[in-house]
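Below is one structure, written out as structure tokens; comments come after it.
The values are calculated or read from the model by the stated rules, or taken from the named source; none is laboratory data. In this text the structure is predicted, and so the values were computed from the model without any measurement. Backbone-built Cβ (ideal geometry, glycine too); neighbour counts: all protein chains shown. Accessible surface areas use protein heavy atoms only, side chains included; no ligands, DNA or RNA. Shrake-Rupley method; radii C 1.70, N 1.55, O 1.52, S 1.80 Å.
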Amino acid sequence: MFSLNNKPSTGIGVFQSPGANALEVEKAVEQKMAVLAKAFPQDIKYDTPFDTTKFVSESINEVYKTLIEAGLLVLVVILIFLQDWRAMLVPATTVPVTIIGAFAAMAALASPSTSRPCLRSCSRSASWSTMPSWWWKAPPIISRRACRP
């Protein structure tokens, strides 16, 4: 039994695949539901009672806001201690460049193996004979049992 606002309903759970962008998945589902809703009878409508992408969107906005606040705070502190706006220009230009460079380096150096830890060792198709010899002597934190499904 499933009900929404004390009315009989049907629920469909939509989960994103590993590595998928939550906002893109939500957008694609909404587009598909808009197309499907045209074929619904008049007394049937759809709703999204639980949408986790609202939290994702707000989190992204908060990151932007925090970066701007932190940058301004750094510049104010530098201005207070150096007491010269010309001396503040060097950090004012280098801080954004280093932040952009750090994110660019992380994006360039990211690989599927670093974004999905324990992928090879936890895969159901991997056999224990293909594991490297150091795997058998691993500490308990990354033991074979910790990654088994």
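Annotations for the structure displayed:
- Restricting 52, 93, 48 to those that are under 26 Å from residue 5 (Cβ atoms) and either in contact (Cβ under 8 Å) with a residue 40 or more places away in the chain or open to solvent by 70 Å² or more (accessible area, probe 1.4 Å) (or both) reduces the list to 52.
- Selection status of residue 65, among the charged types (D, E, K, R) and under 17 Å from the mean Cα position of the chain (by Cα): no
- If you go through the stretch 1-26 and pick out every residue that is among the charged types (D, E, K, R) and either assigned to a strand (DSSP E or B) or open to solvent by 90 Å² or more (accessible area, probe 1.4 Å) (or both), you end up with 2.
- Selection status of residue 29, farther than 30 Å from residue 95 by Cα, part of a helix (DSSP H, G or I), among the aliphatic types (A, V, I, L, M) and open to solvent by 80 Å² or more (accessible area, probe 1.4 Å): no
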